[in-house]
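Data first, discussion second: the structure below is written as structure tokens.
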Amino acid sequence: HFEQGDADVRWSAARGCAASISKFGDRYALLGTDGRRWWSIFPKAKPSRMEWGAMGTGAQSQGANDALAANPRYMGLLPLLPAAGAVTQMEDGLAWFNLADDAANSVGIVARAGFDPATLTPRAVRLRWPDGSTARVEFGEMMPVETVGAAQGAWPRIPRRIAGSHEGRGVTLSIALDSARADAEAVDRPGLYDMDALRARFAPEQVEESK
């Protein structure tokens, strides 16, 4: 089964990470985390539903694990930093090392990044959960991020195309970015990072708290 839609992905160092997925103008899913809680809301489901939970506490549900994995860093949108003492290994033509991510590591998720050894361009990220399931994200061509106040030559670069797959669940996701802009002074949409406001706005018929 294949679905195509539009995604508005936002990351704010002060607020968290949020994504809004729509199709033909209708909102189909809202995903996010504020660093303390994670949530997923599906307004078009029958019945509409919401799942949420606290980050890094108790047994992790699949939704909580997905929230930890939905890190903008794993999509190549932030620098991929090695864990302390990480050792680089060559595999499949890429140089791989473990990533630093305290939240994911605290619940047993291992994240690794693969770089082109010649250009040091990031090409892929692999995730492995404690139950042995894995996911892979691959990066296509790189594009510049328009950065207010910086010379064009200093603009950071991120993947224009991002393709992810979760082995065992049969789930794949492909993202093609039209544009990217970094502006600390820009007006954001704080409601996307506010779980309580989103719950009140969309009023899901089913709400499940993962503990």
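No lab work stands behind these numbers, since they all come straight from the coordinates. Computed from a predicted structure; not experimentally measured. Using ideal geometry, Cβ is built from the backbone for each residue, glycine included, and neighbour counts are taken over all protein chains shown.
In this structure, ALA7 and GLU91 have a Cβ-Cβ separation that, at R0 = 25 Å, corresponds to a calculated FRET efficiency of about 0.25.
The HN-Hα couplings worked out from phi for the range 123-133 by the Karplus form 6.51 cos²θ - 1.76 cosθ + 1.60 (θ = phi - 60°) are 10, 6, 10, 10, 10, 10, 8, x, 7, x, 6 Hz, whole numbers, x standing for Gly and Pro. Extension gain for ASP178-ARG27 works out to 52.4 nm (0.36 nm per residue, less the C-alpha to C-alpha distance). A cut-off of 5 Å between modelled amide H atoms, ignoring neighbours fewer than 5 places along the same chain, links GLU208 with MET50, GLU51, TRP52.
With the simple spin-label model, which puts each label point 7 Å out from Cα in the Cβ direction, the ARG201 to LYS44 separation comes to 1.7 nm. The simple spin-label model puts a point 7 Å past each Cα toward its Cβ; for MET143 and GLU208 those points are separated by 3.5 nm.
Across the range 125-149, the residues whose backbone nitrogen lies under 19 Å from the label position 7 Å along the beta-carbon direction of ASP116 are 125-126, 137-145.
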